[in-house]
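Have a look at the structure below before the remarks.
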Amino acid sequence: MRSAINFTTAYNWLRGIRSKTVELEETDENGQKLTKVINSKRFPQLGDLSGYLVAADFTYTNPPLVCAPTYEELGKIICDLNKGAVWGLELLGFIPRRNSKGKSTPEACPRGVRITHALLADIIGPEDQEAVGLDLVVVEHFLCKVGRAHKASNKSGLALVLEVLMSSGEEDEEED
């Protein structure tokens, strides 16, 4: 049986570029056929966020095809994606606001993920964590919901965490 692959490896492969060398009709001055490298996305329909979500889904297969992300991996991916999870970390005050280029620091996001996971684990409690499936993929999903809850309630910090947890059973109207 194959072992699960590293999360970052799966994520990069899913969003990666595939190169193909093709022979051209033309020849060079020595009569050698010219070649050209054609780069194309492996899965053109998958953007970076979709690549992350597919890799995350593969952590839940039985047996897992992809290893669960580490704090460092998830933090770096969240930082690179620069979407809802980063905003959630900012709203909760777990990372500084993004810089003038609109990016968070790669060091801040893993730390923010670790803090968020610890907070959720403390709030949910050990007996319910397995039932909820509290893992780092769920933490990222939670962080994406923080921005929506903030828009709806204008709360921040711990009040915002509680708002998200209280509304977690409601249907999501838009995709991450």
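The values are calculated or read from the model by the stated rules, or taken from the named source; none is laboratory data. This one's a predicted model, so the numbers in the text were calculated from it and none came from an experiment. Please note: Cβ atoms are built from the backbone with ideal geometry, for glycine as well, and neighbour counts cover all protein chains shown.
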Quiz item: From the list LEU53, LEU34, LEU49, which residue is out of contact with any Lys or Arg (no Cβ under 9 Å at 6 or more places or on another chain) and within 24 Å of GLY133 (Cβ to Cβ)?
Solution: LEU53
Quiz item: Just checking, how many residues over the stretch 90-126 are part of a helix (DSSP H, G or I) and either touching a strand residue (DSSP E or B) at 6+ places or on another chain (Cβ under 8 Å) or under 15 Å from ILE77 (Cα atoms) (or both)?
Solution: 7
Quiz prompt | Filter result (among the aliphatic types (A, V, I, L, M), at pLDDT 75 or above and outside any loop (DSSP other than H, G, I, E, B)) within the stretch 131-159 | solution = ALA131, VAL132, LEU136, VAL137, VAL138, VAL139, LEU143, VAL146, ALA149, ALA152, ALA159
Practice problem: Would you check if there is a residue in the stretch 13-21 being assigned to a loop (DSSP other than H, G, I, E, B) and of a type in the set (Gly, Ala, Ser)? | Solution: yes
Practice problem: Name every residue in the stretch 33-59 that is surrounded by 13 or more Cβ atoms within 10 Å (Cβ to Cβ) and either assigned to a helix (DSSP H, G or I) or in contact with an Asp or Glu (Cβ under 9 Å, 6 or more places away or on another chain) (or both), in order of residue number. | Solution: ASP48, LEU49, SER50, GLY51, TYR52, LEU53, VAL54, ALA55, ALA56, PHE58, THR59
Practice problem: State whether one or more residues within the stretch 64-77 are assigned by TED's automatic domain parsing to the domain that holds THR21, within 10 Å of the chain's Cα centre (by Cα), assigned to a helix (DSSP H, G or I) and modelled with pLDDT of 90 or more. | Solution: no
Quiz item: Looking at the stretch 78-94, is at least one residue within 30 Å of SER19 (Cα to Cα) and in contact with a Cys (Cβ under 7 Å, 6 or more places away or on another chain)?
Solution: yes
